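The values are calculated or read from the model by the stated rules, or taken from the named source; none is laboratory data. Bear in mind that the values here come from a model prediction, so they are computed numbers and not experimental data. Cβ coordinates were reconstructed from backbone atoms using ideal geometry, including for glycine residues, and neighbour counts include every protein chain displayed.
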Amino acid sequence: MLSSSLGRKVVMALTGLFLVMFLLVHLSGNLLLFKEDGGAAFNAYAHFMSTSPIIRVLEIGLFAGIIFHFLEGVSLLRKNQQARPTRYAVKSPSSATWASRSMGLLGGTITIFLVIHLADFFYKSKFATPEPGVISVIDAEGTRDLYAVVREAFAVGWYSAVYVACMVGLALHLFHGFQSAFQTLGLSHRGYALLVRRIGLLYAIVVPLGFASMPVYFFLKSLN
Amino acid sequence: MSESTLNLTLKIWRQKNATDAGAFVTYKLDGVSTDSSFLEMLDLLNLQLIEQGEVPVAFDHDCREGICGACSMVINGRPHGPERGTTCQLHMRAFRNGDTIVIEPWRAKSFPVIKDLVVNRSSFDRIISAGGFVSVNTGAAQDANCIPVPKPDADEAFDAAACIGCGACVAACKNASAMLFVAAKVSHLAMLPQGRVEREARVLKMVAQMDEEGFGACSNTGACSAECPKNIGLQHIARLNREYQRASLLTGK
Amino acid sequence: MASSTRETGPFDARIPEAPLGEMWTTYKSTCKLVSPANKRNLDVIVIGTGLAGASAAATLGELGYNVKTFCFQDSPRRAHSIAAQGGINAAKNYQNDGDSVYRLFYETIKGGDYRAREANVHRLAEVSTSIIDQCVAQGVPFAREYGGMLDNRSFGGTQVQRTFYARGQTGQQLLLGAYSALSRQVASGRVTQYSRHELLDIVIVDGKARGIIARDLVSGAIERHSAHAVVLCSGGYGNVFFLSTNAMGSNVTAIWKAHKRGAWFGNPCFTQIHPTCIPVHGEHQSKLTLMSESLRNDGRIWVPKAKGDKRKPRDIPEAERDYYLERRYPAFGNLVPRDVASRAAKERCDAGYGVGSTAMAVYLDFADAIKRLGQADISAKYGNLFEMYEKISGENPYKTPMQIYPAIHYTMGGLWVSYELQTTVRGLFAAGEANFSDHGANRLGASALMQGLADGYFVLPYTLGNYLADDIRTGKIDTNLPEFAEAERAATERISQVMGIDGPTPVDKFHRELGKVMWDQCGMARNSAGLDKAISDIRGIREEFWKKARIPGDANELNVELEKALRIADFMELAELMCIDARHREESCGGHFREEFQTEEGEALRNDADFSYVAAWQYGGPDEKPVLHKEPLTFNNIKVQARSYK
């Protein structure tokens, strides 16, 4: 099953929905950044996330999900491009949404974003050797001051701008991906297709907006 | 039926045969009646080309009633042109005097160009051969009313069965995917009790053939359904997905 | 045919010696059979993949024969059967409204104006019920009632509801059913399908059809294919009129080549004019579009009572409208048979009451039906037809009446065949519209689909077996036989002849001219002077064609103009035969209306004493007169009456 075009789409849909769920968890945790306690709650949360064995196991699943989603996406993209070796001379304004036609491009953007994002935060929070200018340790349990890293990073205007732009890309990717996953899984029906589309739209707006609000928040804060 | 005439510039894909590289050729065509169909406009061009000793433009067409599915051209970037329906049902009143119209063949690896605007769609026949049927020999049928079919099911089956196999879905899809075509046949037979006996084998074989022919995968953009002259809906693709997953899980294939 | 004068040669209709109702059963019980082991060694060629061809090929494949099918379209699914809209008749009597096999038989004979063979028509009515069973089993989505049972509607020429339908796309759904059965056989390897191939000639060896010469339309290659029997399901020849409701590619070539190779042509002048087509609009029009006659169930046909009334139809009050069908034929009203409805429209237009820009149209009005049933109901029944009308005419038929005019639609004539659907050439069979058999001088609506599928699914598999039973020791037919070489040479020569004309005129122009002559002189109304003139005009056009046609390009490539030229060359020969047949039949019957033979009220005047026969024409040779043979029609089970729908 998994070797056919329909099977691969199922992989895309399942991993996609899994990542969608992850985003929600990720966002709700990160909302602690907004707590005006100098980052204590956020750092405690980050410490838990990087040390709990359960989370470590889930993390492997998460990375597997990302990798499968990425690899299948690339493979489908290639197959799809091969299916039309000669392009049309005239491109008419398509009836399909731009997002739906640009999932590869959007996915690529998100991939680049992920590399930056993981290197700057995930790596620093877990693997980098604590030293000045990288990350500091704030207590005996080894809790790292990730909050400070975030604060410093987003104080840089262009960096925050890149983040916000990538969140727009994510929003578009989710806007199509969410409902597309349901369609691929056959979970589309005249009765509730509209509901799925609406939830997808809401999700695609709220989640990336939530993420984007963080760089904006810290950038504005740095101006004061 | 108020008639007027148009002067047009046509940019048409000309390709002598499957191995020729092909190129666009520009023609001026004057005095086209707004009441004539798009294909009649091409007839007029061809008459003039023949009179000038040139080879006329080859294009597929037959019934000219919007049902045989033969006509297949991309007009100004849209399969079958700017209106919903087949090319043969497109009338020149949809255009304006002085318009430039670009006409290309369906573009897909699985629909190779034979000549000019004519493409080879036999891949569709092979997909149907793979399983788009109910295996019932002539004479083996019971009385027709022994199989009651709820009207909504029959109507839904009909909506899918209305597919004319023109290939506009493939032409419109950015991936040249044949999902809507395959979905229409799978959905049609899956909705009816007659088709349920072979539902697993059917969907698995048809999808395998679709992949083998080199069509792209479905990105759920919906462009196929938007260009389908027979309004085949995306819910049939969802049903195809369901049928496929169900069949895969049940048979382990 | 009465047994005392029974023919014994190839012109023997071979009607079983049994009472009418038992003939087919008797035939099936006594015909020769071929064992499964022998079927594997027998080859059959089927030309055309419409309802008749696809159903025949699928069934023969299921039985175990080696079948090759040919169609000129890019896929068998595109054969013009697909365009049939309204429905298919069957004597199921699901509506409990008094239908029966006999009634369907009776109405088909009567509708055909008593010019069809009783035995064939009765068999058609008998197997009609099995067709519906078969199609439903294949998954054809016929219209259903809320209880899940099949729905029916009424059609012209009948007073019962026996027409099964799939919205306005019945032909499409039936063809897709047959095509799916065919595809299944292709997958199993029993049928080999050749698309984009056109028949150029039939190969006769020792008096039997043993193969064909075909042209691969893509490469231009000339191919030889051999078989133990050849079945022609190539459809009708309505395109001889240029403007018709046929598909652009529909042609007479297969049956005309067969005719020239010895198959007699039955009733060539019997053509059907369909009353509900969209009127002609301009000189570059390429074809006419039909709208299902089922529209006449709910639409009312009228013209203004005043000559040349130029008011908009909605501005003409009820009292000033002439619902001429309801006036002339109160019993059947708007549902009179096609020939009657067509002629009545022509009569009104010729008398100056026509409407529209050309005054060659009448109104088909749904205002009353919309008022009675609501727009949603009308849309559910006829939505696609209304849409199609609006696309073509630019007018909205929900708001303003449709304009309609009759157009050439179907040809009842075709190759003469026996009860076994065998032509006068042994081993050469013809089914569906390509034969002359079941519709007499006029076909009832929803009967073409019935006949095509009856022939293909249920008749040919038996009759072909009966013929092939004698061939089990023949072995494979060698395509190197001199007869194949000769036929190939003739085909190649014809192509080079056409390619060599080198004139200035596109072939369509000759076709258009030919069509005009045929429509004017051999169309809805005919007379001897006009037909004489037509014959000489046709000869003139033919001569011009062979001097002045221009076919650009080469023969060894996809060359649409060459395809057309070859078809038109055959149409031009056929046209003359049609006129000769129309000229000789000095009576009016069905679609054949001779102006000299009508009642004072303008109704058709049949002459049973002199013309109750099938005219089977034998090819006489190039520029020679065809030879007429008569198959007398005897009616032992039906009372022959003047046809009345009043």
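Of note:
- Residue C:72 meets all of the listed conditions (1) among the aromatic types (Phe, Trp, Tyr); (2) within 12 Å of chain B (Cβ to nearest Cβ); (3) in a helix (DSSP H, G or I) but one, namely (3).
- Within the set C:455, C:470, the sole residue that is under 30 Å from residue C:338 (Cβ atoms) and of a type in the set (D, E, K, R) turns out to be C:455.
Here's the yes/no breakdown for (1) surrounded by fewer than 24 Cβ atoms within 10 Å (Cβ to Cβ); (2) in contact (Cβ under 8 Å) with a residue 40 or more places away in the chain; (3) out of contact with any Asp or Glu (no Cβ under 6 Å at 6 or more places or on another chain); (4) more than 20 Å from residue C:24 (Cβ to Cβ):
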| site | (1), (2), (3), (4) |
| --- | --- |
| C:398 | yes, no, yes, yes |
| C:415 | no, yes, yes, yes |
| C:420 | yes, yes, yes, no |
| C:424 | yes, yes, yes, yes |
| C:433 | no, yes, yes, yes |
| C:451 | no, yes, no, no |
| C:457 | no, yes, yes, no |
| C:462 | yes, yes, yes, no |
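- Output for segment B:65-98, where each listed residue is within 16 Å of residue B:118 (Cβ to Cβ) and facing another protein chain (nearest Cβ under 8 Å): B:68, B:69, B:70, B:74
- Among the residues making up segment C:143-160, those that are in contact with a Ser or Thr (Cβ under 8 Å, 6 or more places away or on another chain) and either within 14 Å of chain B (Cβ to nearest Cβ) or assigned to a loop (DSSP other than H, G, I, E, B) (or both) are C:152, C:154, C:155, C:160.
One line per residue, one yes/no per condition, for (1) polar (S, T, N, Q); (2) over 30 Å from residue C:206 (Cα atoms); (3) buried (at least 16 other Cβ atoms within 10 Å of the Cβ):
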| residue | (1), (2), (3) |
| --- | --- |
| C:489 | no, no, no |
| C:505 | yes, yes, yes |
| C:512 | no, yes, yes |
| C:517 | no, yes, yes |
| C:521 | yes, yes, yes |
| C:535 | no, yes, yes |
| C:538 | no, yes, yes |
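- Taken over segment B:23-64, the residue count meeting the criterion of being in contact with an Asp or Glu (Cβ under 6 Å, 6 or more places away or on another chain) and among the hydrophobic types (A, V, I, L, M, F, W, C) is 2.
- Close pairs from segment C:51-63: first within 14 Å of residue C:233 (Cα to Cα) and outside the structural domain of residue C:173 (by TED's automatic domain parsing), partner at pLDDT 95 or above and acidic (Asp, Glu), Cβ under 7 Å, at least 6 apart: none
- Within segment C:551-577, the set of residues being within 13 Å of chain B (Cβ to nearest Cβ) and either free of Cβ contacts under 8 Å to residues at least 60 places away in the same chain or acidic (Asp, Glu) (or both) comprises C:551, C:552, C:553, C:554, C:557, C:560, C:561, C:563, C:564.
- Residue count for segment B:207-253 satisfying the condition of being in contact with an Asp or Glu (Cβ under 9 Å, 6 or more places away or on another chain), surrounded by fewer than 24 Cβ atoms within 10 Å (Cβ to Cβ), small (Gly, Ala, Ser) and not in a helix (DSSP H, G or I): 1.
- Residue match in segment C:106-128 (condition: buried (at least 24 other Cβ atoms within 10 Å of the Cβ), under 23 Å from residue C:73 (Cα atoms) and away from chain B (no Cβ under 14 Å)): no
- Qualifying residues in segment B:17-56 (those that are touching a residue at least 24 places away in the same chain (Cβ under 8 Å) and polar (S, T, N, Q)) - the one farthest from residue C:280 (Cα to Cα): B:17
- Total residues in segment B:81-127, condition surrounded by 21 or more Cβ atoms within 10 Å (Cβ to Cβ), of a type in the set (Gly, Ala, Ser) and farther than 21 Å from residue B:215 by Cα: 1
- Lone qualifier among B:130, B:144, B:154 - being closer than 27 Å to residue C:389 by Cα, crowded, with 17+ Cβ neighbours inside 10 Å, outside the structural domain of residue B:34 (by TED's automatic domain parsing) and over 15 Å from the mean Cα position of the chain (by Cα): B:154
- Boolean, residue C:184 is buried (at least 22 other Cβ atoms within 10 Å of the Cβ), charged (D, E, K, R) and over 22 Å from residue C:553 (Cβ atoms): yes
- Residue list for segment C:163-204, filter: outside any helix (DSSP H, G or I), within 8 Å of chain B (Cβ to nearest Cβ) and either at positive phi or touching a Pro at 6+ places or on another chain (Cβ under 7 Å) (or both): C:166, C:167, C:193, C:195
- Condition check for residue C:510: in contact with an Asp or Glu (Cβ under 9 Å, 6 or more places away or on another chain), over 27 Å from residue C:413 (Cβ atoms), part of a helix (DSSP H, G or I) and among the aromatic types (Phe, Trp, Tyr): no
- Residue under evaluation residue C:629, criteria (1) in the same structural domain as residue C:501 (by TED's automatic domain parsing); (2) surrounded by fewer than 21 Cβ atoms within 10 Å (Cβ to Cβ); (3) in contact (Cβ under 8 Å) with a residue 12 or more places away in the chain, criterion not met: (1)
- Among (1) under 25 Å from residue A:83 (Cα atoms); (2) more than 7 Å from every other protein chain (Cβ to nearest Cβ), the one test that residue B:109 misses: (2)
- Checked against (1) more than 14 Å from chain B (Cβ to nearest Cβ); (2) among the small types (Gly, Ala, Ser); (3) in contact with a strand residue (DSSP E or B) (Cβ under 7 Å, 6 or more places away or on another chain), residue C:407 meets all criteria but (1).
- Verdict on residue B:243 being more than 15 Å from the chain's Cα centre (by Cα), among the acidic types (Asp, Glu), more than 9 Å from chain A (Cβ to nearest Cβ) and closer than 18 Å to residue A:8 by Cα: no
- For the condition in a helix (DSSP H, G or I), surrounded by 17 or more Cβ atoms within 10 Å (Cβ to Cβ), touching a Ser or Thr at 6+ places or on another chain (Cβ under 9 Å) and aliphatic (A, V, I, L, M), residue A:150 does not qualify.
- Every pair of residues 6+ apart whose Cβ atoms lie under 6 Å, when the first sits in segment C:376-394 and is within 13 Å of chain B (Cβ to nearest Cβ) and free of Cβ contacts under 8 Å to residues at least 12 places away in the same chain while the second is in a helix (DSSP H, G or I) and of a type outside the set (Lys, Arg): C:391/B:89
- Test: residue in segment B:122-137 that is at the interface with another protein chain (Cβ under 8 Å from one of its Cβ atoms), farther than 30 Å from residue C:181 by Cα and in contact with an Asp or Glu (Cβ under 8 Å, 6 or more places away or on another chain): no
- Every residue from segment A:157-193 that is under 21 Å from residue A:11 (Cα atoms), in contact (Cβ under 8 Å) with a residue 12 or more places away in the chain and not small (Gly, Ala, Ser): A:170, A:172, A:173, A:174, A:175, A:176, A:178, A:179, A:182, A:184, A:185
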